[in-house]
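Quick notes on the structure that follows.
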Amino acid sequence: MKNIILTAALIIFSNSSFANKDIFPPDFTEYDHKNSELCSEVVRALLKDSYSAKFRPFGKTIRSKDSDIFGKAGDEVYVVYVNSKNSFGAYTGEKMAFCLKPKDSTEMKFLYFV
């Protein structure tokens, strides 16, 4: 019975207007390969086993509209997924890494992992 209800709900919501909405807010812009690679190198320097790191780009760049947790207006935040080995030699699973590039600088700074 639960499967029938879940299937019906899935069909209803997949055909609704929710399915056609853009999932990214307007402050997301297109992917910037060069700066995303730079973010990967900044993150790589922080890892215990940097040679084992596998990176995957997020695909979008966040531009700050005004001062918020991502910096000042015009700053850009790059996001990469990283999967690397821990001290025990096991892969930890993909984590999102955020890097900040201030508008008036070419330097990339690491923000945090999620």
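Please enumerate the residues belonging to region 49-65 that are at pLDDT below 90 and not small (Gly, Ala, Ser).
Across region 49-65, the qualifying residues are ARG56, PRO57, PHE58, LYS60, THR61, ILE62, ARG63, LYS65.
Counting only residues that are in contact (Cβ under 8 Å) with a residue 60 or more places away in the chain and charged (D, E, K, R), how many does region 90-114 have?
Of the residues in region 90-114, 2 are in contact (Cβ under 8 Å) with a residue 60 or more places away in the chain and charged (D, E, K, R).
For region 81-111, which positions are basic (Lys, Arg) and part of a loop (DSSP other than H, G, I, E, B)?
Within region 81-111, just LYS103 meets the criteria.
The values are calculated or read from the model by the stated rules, or taken from the named source; none is laboratory data. Predicted, not measured: the structure shown is a model, and the values here were computed from it. Cβ sites come from the backbone with ideal geometry, for glycine too, and all protein chains shown count toward neighbours.
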